[in-house]
Amino acid sequence: MMGPATQARHKPTERERSLRTALVFCLVDVALMGTAAFHSNSLTIFSDFLKECGDAIAVLAAFVTLRAVRRAPSQRFAYGIGKLENLVSMSVVVLMTLGAIAIAAQALYHLRHPVAPHGTVPGILIFTVYAFTGFAISLHNRRLLKSQHSPIIASQAALWFGKGSFDALMAVSLITALAFRGNSWSLYLDPLASLVGAAFMIHSAWSIASESVGDLLDAALEETMQFRILKCLAAHFDDYELLHKVRTRRSGSRIYVELFLEFDPQLAMGQVRERIDRIRRSVGDSLPGSDVTVIPAEETCYGEG
Amino acid sequence: MTERLIEVARREETGFVVVVLRGSLGAVETPQFEQVARQLVSSGSVRLIIDCSQVSFATSAGLRAFLALAKRVKTQNGCCRFAALTSSLREIFEISGFFTILEVHDSVEAALQ
């Protein structure tokens, strides 16, 4: 029989439900855009179909990863597999970059060899509907981020914002090209809008990569969090004898804090333990979702750092 | 010529050692300060005044070094006074709750009293 902790680990989180919704949306998107691309000569619509396929793979990978992370830790991964979230985020970055390069290459080709697209009305309708939906999902993810830090949700928020912006641009450019199809300049609208869309994707990819790389390399927590730890150490100034080192890192949505403190050697072990518990609780309350370890240390144990 | 980040001046008449800090106190500069502070305490100088009037900016690493020094000096029955905090330093002292645990003075002269 499963205990409460095990049951909690197996219960889908709000983040998973959010990704499941996104995955359904992606698969429907792939089917619809594939149909639209099949009935149109527009390379812009076809390139978007390819992009949707890449997005669907990224969301599927993120969903599977979150499920795997929920089931950890295991004996093999005693610290959990939170960093898998960062690795998946990096794969999203690669997909977004490849998509942006493909779109840019296609846009340049269209600028050199402009063609009048036809059969674009289904594509316009799909772009319009999905622009609104993309922005709505991005907004939802950003709201989630306010209550819980997660690289994977951050990457999803950026992904869907880029997607919504891209769809909106495509819709506007196709509508304008359709409305002014008698004018030669309208032939250049699609490729130009595609280039802006590619720039959006690169920007989103860069912001995801910069955060995920830091976490993968065990970068220390950001300054606002460091100051919160300092405030706790100041509040418990008399509970420890010396402050040797503070080490922090992230692993997925978890925060790890290690405090190397020296305690009065005259204190009994029970008293030291009480003080350690007080400090741990204080830092833990200050940084929700953190795993705080207080390591009683002496300078000679490891040197200063 | 680059100005030195840390300058140590002894005020023999008062028994205090004044440590003058210059520029920013971030992740790069803090180890230098920590080393100087450790050397001073190891050599028995446990009455310290940290002159912060020329500190333009300090990160959490710098503040952590202040906290560690204050603790180290306290265990040696000494005292560590922070003097002439700049507005930016004052702000992060406030955020981190340092005013309640550290001895802060408006000027070096006031700290020497």
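The values are calculated or read from the model by the stated rules, or taken from the named source; none is laboratory data. Source: prediction; values computed, not measured. Quick reminder, even Gly has a Cβ in these numbers, built from the backbone with ideal geometry, and neighbours come from all protein chains shown. Ligands, DNA and RNA are stripped out before the accessible areas are found, and what is left, the full protein with its side chains, is counted by its heavy atoms. Shrake-Rupley method; radii C 1.70, N 1.55, O 1.52, S 1.80 Å.
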Exercise. Return the calculated 222 nm mean residue ellipticity for the protein assembly as shown, to the nearest 500 deg cm²/dmol, obtained by summing -39500 (n - 2.57) across DSSP H runs with n ≥ 4 and dividing by the residue count.
Key: -20500 deg cm²/dmol
Quiz item: Pairing the Cα long axis of helix A:269-286 with the longest principal axis of chain A, what angle in degrees results, from 0 to 90 and rounded to the nearest 10?
Solution: 20
Quiz prompt | Label-point separation, A:HIS113 to A:ILE57 (7 Å along Cα→Cβ), nm | solution = 2.5
Quiz item: Sequence-distant or interchain residues sharing an amide H contact under 5 Å with A:LEU221, placed H: which?
Solution: A:THR248, A:ARG249
Exercise. At 1.4 Å probe size, with no ligands or nucleic acids counted, give the accessible surface of A:ARG17 in Å², nearest ten.
Key: 120
Self-check item: Residue mean of other protein chain beta carbons inside 10 Å, B:96-107
Solution: 3
Self-check item: Charge sum, other residues only, whose C-beta stays under 12 Å from A:VAL292's C-beta, Lys/Arg counted +1 and Asp/Glu -1
Solution: +2
Practice problem: Could you pull out the pairs from A:LYS51/A:LYS83; A:LYS245/B:LYS71; A:LYS245/B:LYS74 whose alpha carbons sit more than 20 Å apart here? | Solution: A:LYS51/A:LYS83
Quiz prompt | Residues in the stretch A:211-247 occluded by at least 40 Å² - accessible area, probe radius 1.4 Å, against chain by itself | solution = A:GLU223, A:PHE227, A:LEU230, A:LYS231, A:ALA234, A:PHE237, A:GLU241, A:LEU242, A:LEU243
Quiz prompt | Net charge contributed by nearby residues that have their C-beta within less than 11 Å of A:LYS83 (K/R +1, D/E -1) | solution = 0
Exercise. Before anything else, pin down the relative contact order of chain B: Cα pairs under 8 Å, at least 6 apart, normalised by residue count, whole percent.
Key: 25
Practice problem: Return the value, in Å² to the nearest 100, of accessible area buried between chains A and B (probe 1.4 Å, both sides summed). | Solution: 1700
Quiz item: Averaged over peptide B:73-83, how many Cβ atoms belonging to another chain are found within 10 Å of each residue's Cβ?
Solution: 1
Quiz item: In sequence order, what are the phi-derived ³J(HN,Hα) couplings for the stretch A:156-164 according to the Karplus relation 6.51 cos²θ - 1.76 cosθ + 1.60 with θ = phi - 60°, rounded to whole Hz, with x for glycine and proline?
Solution: 5, 4, 5, 4, 6, 5, x, 5, x
Quiz item: Leaving out ligands, DNA and RNA, what percent of the accessible area of the stretch A:4-216 is carbon and sulfur, probe 1.4 Å?
Solution: 71
Quiz item: Hey, what angle do you get for helix A:223-235 against the long axis of chain A, alpha-carbon based, 0 to 90 degrees rounded to 10?
Solution: 20
Quiz item: What angle do you read, to the nearest 10 degrees and between 0 and 90, between the alpha-carbon axis of helix A:14-38 and the longest principal axis of chain A?
Solution: 20
Quiz item: What aspartates and glutamates could a cross-link reach from A:LYS146, if we take a straight Cα to Cα line under 19 Å and drop same-chain neighbours fewer than 8 places away?
Solution: A:GLU14, A:GLU16, A:GLU85, A:GLU211, A:ASP215, A:GLU222, A:GLU223, A:ASP285
